[in-house]
Every structure is written in C-alpha cells, then in structure tokens.
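Accompanying notes for the structure given below.
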Amino acid sequence: MRDTADLLRTNDQLRKEISALTLENVRLREERLYAEKALKAAKEAAQRRTDELQSANGQLQARKKELELLMQELLKHRDHLEELVENRTSELKTANKHLGQVIRERVQAEKGLRATNELLEKVFSNIHVMVAYMDTHFNFIRVNRAYAKADEHDPGFFTGRNHFDLYPSEENEAIFRRVLETGEPYFTYGKPFEYPHHPERGVTYWDWSLQPVKESDNTVSGLVLSLVNVTERHRAENALRESEEKFRKLSQEFNILLDAIPDTIILLSPDLKVMWANSGALSGKDAGNPSPIGSHCYRFLHGRYSPCEGCPAVRSFSTAREEDSQISSPGGKLMDLRAFPIRDEGGRVQSVIIISSDITEKMTLQAEVMRADHLASVGKLAAGVAHEINNPINGIINYAQILANKSEKGTKENDIATRIIKEGDRIAGIVKSLLSFARDRKEEKKPVPIYEILSDSLALTGAQMQKDGITIKVETPAYLPEIIANPQQVQQVFLNVISNARYALNQKYQGKHKGKLFCITGEPFSVDSRPHVRITFYDRGTGMSNEVLNKIINPFFSTKPSGTGLGMSISHGIISDHGGKLLIESEEGEFTRVTIELPARERRSHER
C-alpha cells in the first residue's frame, strides 16, 4: 500500500509539474502573441509614422535588429519549452506505464493475499487443533470451532471474554504473563486440566503451546494459544506402561522359573544355532565360556561336529510337529530330547524349543525295577528248588551222622562222615539263603568283624588260587569297624566275587603270570556321619564289555559255561538287604573292580 501511495503522490507531483509547464507555455504563447501584436502594431505605427521615422531610420533599424534578436530568443525559448514538455511527457508516460505495472502486481498480490487468507481461514476454522487468539489482556479476539466445541459453545461466545475468567489458573496465568514479558513461546506436553464447569469429565491431559504475536518493533500485540487433547494417548501410555511393567515382571518370573528347571532348555534357529538357553543348559559347562548363544546345539550339548542322527529339532523344523528321541552323550549319559516348534503368523516354523533331560538315573532305576522283578521270579523258582533239595540234604546229613556215630574218632570213616556233615550243613545253609532270598525274610544280624569274614573266605579259596598261580594282595587297615550282618551271607558274597575273579584270571592267563594278580583293599568311610566299610576286589582278568556289565546282575545270566547265573543276583540281594551297595566297574580285556559298601556298627561313647 505504501508503494501505491508513493506512486500516487509522484503522479500528482508530475501532474502539478505538467500543469505548471502548461501554464508557462500558455504564458509564453501569450507573450509571443502579445509580441506579435506589438510587432504588428509597431509596423503599423512605423508605417503610419514612416515619415516620422525616416529621420530616425537608424534607430528603427537598430530597434529592428533588437526585435529580431528578441524574436530569435523567443523562438529558442519556445523550442526549449517544447523540448521540455516533450521530455516531461515522455517521462510521465514511462511513469504511468510503471505505475500501471505496479498497480497490476499489487492487484495480483491482493488476490494471492485474499486466497491465502481464505486458506488460513479454512485451516483455522476446520483444524482439529484448538486455536484461540487473544489480546495482551488475555481477552479472546477469536477462537476456532474446535476450541469452542471442546467447551460446548459457539465461537462467538468467547469473543471479548477473558480467558482466566472462564478457566482460572494462577499457574497458567503466570505462564501467559511470562510469554508477554519475554516474547518467548511456551510449550508443554501432557499437562493435566479439569473443566471448572464440567467436573464430570474428570482430569484431562493436554499438549499446548503459547505463541506471541509481534509487531514490526518487536513488541507483543497478542497471543495465539493452541491445544491438543491427549487424554486418550496419556491413558494409553499409562496402560502401556503398566502392561510393560506387568510383562517385565512376568518375564522375570518366567525366566526365574525356566532357570529353576534343572533340565536343559534352549531355543534354536533353523540352522540349529542356540538363540537362548536357561541356567540348566549351563550347568556343568566350562565356566570360561559359559554362553552357548550362537553355537550349534549338537556342539554345545553333545560335543559333536555334525547334527545327531535322528535329531528331533531337525524333524520338528521339517514336520512342524512335536518330536522326541533319546541320544547317548559322549560321557555315557542317556539324554531324552523333546522338540516343540514355534510358528510365525504364516504358520511357518521359525524356531524350535529343545528340552533335554538326563534320564540316565531314570533308566538305571527302571533297570533296577526290572532286575527286582527278575529277582522276584528267581525267588519263586529258588523257593521251589530249595524245598526239593532240603529233604535229600537232611537225609544225607542224618545218614552221615549215623556213620559218624558208629565209627571211632580219628578213623578215616569218621573223618569222611564228618566232612559229609559239614558240607551238607553248608548246602543246607545255601538252601536256607535261597529261601531267605525268595521270601525276602530278614535274617538275624549281629556285630561281626568284616576282616574275619574276609579271612575265612580267603582260607577257603586261597589254596586253590595259589595252585592256579594267582597272587593275592590284601591291603586293609589294622582295624576295620564291625558290621551288623549275617556273616554266612556276607561270606557267600565274598566267595562268589572271589570265584568270579579266579575264573577271569584263569581265562586270561594260562599258568603263572606276573599280571595274574588279585587285590583286596578295605577302608572305613562315612555317609551322612554314619560309619561305613568299603571292601574292593580288583583283578586284571578278562573284564567285561558294557553289554555284559549291564546284565551281570540279571538272574540266569552267566559268562561261565557251567554257571547258573544266580551268584551275582543273590549277592546283590544280600548286600541290598544289609543296607549296602554292590558296585561293579569293568573294561573288557583289562580289569574288573567290585566294590562292596556296608554300614558299620556305631561305636558307643564308652568305647572311644
């Protein structure tokens, strides 16, 4: 508008100058006309007074020259004026043309400004953001529809009203005044607000800003307040935060639960690499490299360099079903593996959870149960056999006793009869043991030195073993505590173990040999503060394979051509009946070690 005013003033000035020049031109024309009239009058006067002037001809001629010169000056002045008028007219035309261009541009700018104002008006009126324009006294000048609708009023309701009369707040009023004083805008997010006239709405939350409107001299002439209702977002964020906290707690509890499970639980990627593992997976692993993440499961779990044959994880990725298998580890453990597929939204298996359980002890217990079942079967058979043997043995003993009574002591007949009675009694004792084994009857036990039982057993077998070239080496402490046992039953076990060792050594070595060695060691030890005795029998005979070792206690299983397969099963039952353990270790072609552990008699305070 200033440019237009300047142009109008310039146009008026030009018009005034043109008017002045026009008046000057008129005056000059009038002067010329006057001069011409004067010249004409002078000529007429000269003509009338020709005669009078004849005398002053020289003067008239001079005057004529002066007039001619004056005429020339007038003509020059006229030409100059015409040139000035022409130049000024040209300048005015150029100025008028420029002014027209400026006016056209101004009109175009005014059209653009009107379009922009219309656009801003539409945005202001229809935007979902609440906008209010206020003066420096916080009186509403104008609000948009969103602002008015939020308070259930028309936009015109707010015009002229004071903001803090409608929404009193000392805190917010202080903020408004600070923006007026500093000229700096203010922003806040999620600020709580409660409608004074609508308490039923409760507390709402708002993002709002306060922008100062400044004049050219940088003074604040008004304020623009914009607000966005973020109550739903705030509630959603709170709900999300609570959900995250609940999920985090649930995740911690879930991880603690998984870590408390002793079984190995790992999450596998399609290339069988460990993505996650519980604490049970790290149990017994190298502490220097505890993390299995990124390693292949077959390497981490089984120490292999390729997937296990029949791997349930591979099958689960392929079939998308739960799979299981049993795999033997290099350490001799039997592992039960179960694979559970995890599918994505498309139903494709994206990962597999493997649960690995050590079932070695479980399978051992199952084998023990089966062995107990076999022993029960043997017991029934042994009971029948024992009853059948008892009668003839008693008859043999009675007949031998009659012969011994009829013969004199010291004679050969008396000695033979005595031997028959002794061996018959031993057979009767064995039959009695079979009956005891079959009926699971507790025999009478008493404190007995285990060294005496061992000595009696070696006395019965030592001569034969020396004859076979077997070197017997006994290493026991000077004193071993007494055991609470049936000495005949324990001796039966010792005799069975010694007999097996003798057979294995004779099978491996024919005749005498330095490796034909049978070692017996004894030592006391404690289990839960209770005294025990351990007797170990070691030989370097033929040994046993793992297959034979797993069956050695089974009834009717024997490696001897003439064996019954009852010796070790009965021995195992006797030791178990005494509350002890019978352990067998062996390596085929190298050795066999039989360890017998029995509870010892606790010494009383006055015996110490």
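The values are calculated or read from the model by the stated rules, or taken from the named source; none is laboratory data. In this text, all values refer to a predicted model and were calculated from it rather than measured experimentally. Note that each Cβ is placed from the backbone with ideal geometry, even for glycine, and that neighbours are counted across all protein chains shown. Surface accessibility is based on the protein's heavy atoms, side chains included, excluding ligands, DNA and RNA. Shrake-Rupley method; radii C 1.70, N 1.55, O 1.52, S 1.80 Å.
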**Item:** Full-extension gain in nm, Glu194 to Ala20, via 0.36 nm per residue minus C-alpha separation
**Value:** 55.2 nm
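Residues with beta-carbon under 14 Å from that of Arg88, excluding Arg88: net charge, scoring Lys, Arg +1 and Asp, Glu -1? Intermediate results must be reported in sequence, preceding the final value.
Working: positive: Arg15, Lys16, Lys93; negative: Glu17, Glu24, Glu82, Glu83, Glu86, Glu91.
Every neighbour counted, the sum reads -3.
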**Asked** Top to bottom by accessible area (1.4 Å), largest first, where do Val224, Val448 land?
**Response** Val224, Val448
**Asked** What figure in square angstrom, to the nearest 10, would you give for the accessible area of Val493 with a 1.4 Å probe?
**Response** 0
**Message:** What does the extension gain come out to for Gln13 and Leu81, with contour length at 0.36 nm per residue minus their alpha carbon separation?
**Reply:** 22.6 nm
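Ordering His98, His77 by accessible area with a probe of 1.4 Å, largest first, what comes out?
Numbers: His98 110, His77 75 Å².
Output order, biggest surface exposure first: His98, His77.
May I ask for the net charge around Thr418, where only other residues with Cβ less than 15 Å from the Cβ of Thr418 are counted and Lys, Arg are +1 while Asp, Glu are -1? Display every interim value, and only then the final one.
Numbers: positive: Lys406, Lys409, Lys412, Arg419, Lys422, Arg426; negative: Glu408, Glu413, Asp415, Glu423, Asp425.
That sum, taken over residues with Cβ under 15 Å, equals +1.
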**Item:** With all protein chains modelled, accessible area of Phe591 [1.4 Å, Å²]
**Value:** 40
**Request:** Just grab the label-to-label distance for Phe591 and Lys412, each label 7 Å out from Cα along the Cβ direction, in nm (one decimal).
**Result:** 4.9
**Request:** Pop the C-beta distance of Thr219 and Val107 into the FRET formula with R0 = 22 Å and round what comes out to the nearest 0.05.
**Result:** 0.10
**Item:** Extension gain (nm, one decimal) between Arg63 and Tyr479, 0.36 nm per residue minus Cα-Cα
**Value:** 131.8 nm
**Item:** Inter-site label distance for Glu91 and Ile141 at 7 Å from Cα along Cβ, in nm
**Value:** 4.4
**Request:** Would you please give the FRET efficiency between Ser269 and Glu547, computed as 1/(1 + (r/R0)^6) with r the Cβ-Cβ distance and R0 = 56 Å, to the nearest 0.05?
**Result:** 0.90
**Asked** For the residue pair Ser576 and Gln464, what label-to-label distance in nm results when each label sits 7 Å from Cα along the Cα-to-beta-carbon direction?
**Response** 2.7
**Asked** So what does Asp468 come to for accessible area, using a 1.4 Å probe and Å² rounded to 10?
**Response** 30
**Antiparallel DSSP beta bridges within segment 466-539, as percent of all bridges there, nearest 5** = 65
**Request:** Rank these by accessible area, largest first, 1.4 Å probe: Tyr205, Tyr298.
**Result:** Tyr205, Tyr298
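Among the listed pairs Lys246/Lys273; Lys149/Lys214; Lys333/Lys514; Lys93/Lys214, give every one whose C-alpha distance is greater than 32 Å.
Result: Lys333/Lys514; Lys93/Lys214 exceed 32 Å.
With r defined as the distance between the Cβ atoms of Gln401 and Lys445 and R0 fixed at 25 Å, what FRET efficiency is calculated, to the nearest 0.05? Display every interim value, and only then the final one.
Details: r = 29 Å, r/R0 = 1.16.
Between Gln401 and Lys445 the formula returns 0.30.
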